[in-house]
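*Asks:* One structure, as structure tokens, below. Some questions next.
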Amino acid sequence: VEGNVAKEGGGAQQDEAGEAPVCDFVEKLSPYERLGVEKKADDKQIKKAYRKLSLQYHPDKNKGKEKDCAQKHFIAISKAYEILSDADRRKRYDLFGDTGEDDQDGGF
């Protein structure tokens, strides 16, 4: 599996001072890496990975210092699922690496 962040303990890292988790990297991962699935994954595998990770990283299930990092993961996972669960957006991402997230501003 390509860069399976989910199986590596969620990917939360500590900063140099060892205090707060640093998890900004999750936004730089591909939608496949965010969900921990391969490019050849079918809709059922994508949905299963999304459900598992959304429960794990849901902000209401995480407390304290982990809540901010969990929220970033949850948002990234949700965006990845939006892309991979839509056949047109997934094809566009696979061909061009474009997620179509910028299309929401009406093209201006």
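*Asks:* Can you confirm whether the range 25-32 contains a residue that is at pLDDT below 95 and more than 23 Å from Arg92 (Cβ to Cβ)?
*Replies:* Yes, that holds for at least one residue.
*Asks:* Further, regarding this structure: In the range 25-44, how many residues are part of a helix (DSSP H, G or I) and out of contact with any Asp or Glu (no Cβ under 8 Å at 6 or more places or on another chain)?
*Replies:* Restricting attention to the range 25-44, the residues satisfying the condition of being part of a helix (DSSP H, G or I) are 25-28, 31-35, 43-44.
With the extra rule that they be out of contact with any Asp or Glu (no Cβ under 8 Å at 6 or more places or on another chain), the set shrinks to 25-28, 31, 34-35, 43-44.
Here the count works out to 9.
*Asks:* Follow-up. Of the conditions (1) at pLDDT 95 or above; (2) part of a loop (DSSP other than H, G, I, E, B), Glu16 clears all except one; give me its number.
*Replies:* Evaluating Glu16 over (1) at pLDDT 95 or above; (2) part of a loop (DSSP other than H, G, I, E, B) leaves (1) as the failure.
*Asks:* Still on this structure, please answer the following. What pairs come up if the first residue lies in the range 65-89 and is touching a residue at least 60 places away in the same chain (Cβ under 8 Å), the second is β-branched (Val, Ile, Thr) and assigned to a helix (DSSP H, G or I), and their beta carbons are under 7 Å apart, counting only those six or more places apart or on different chains?
*Replies:* Listed by first residue and then by second, the contacts come to His73/Val26.
*Asks:* Further, regarding this structure: For the range 46-77, how many residues meet the condition of being open to solvent by 100 Å² or more (accessible area, probe 1.4 Å) and not acidic (Asp, Glu)?
*Replies:* Result for the range 46-77: 7.
The values are calculated or read from the model by the stated rules, or taken from the named source; none is laboratory data. Treat the numbers as computed from the prediction; the structure is a model and nothing was measured. Cβ atoms come from the backbone with ideal geometry, glycine included; neighbour counts cover every protein chain shown. For accessibility, only protein heavy atoms count, side chains too; no ligands or nucleic acids. Shrake-Rupley method; radii C 1.70, N 1.55, O 1.52, S 1.80 Å.
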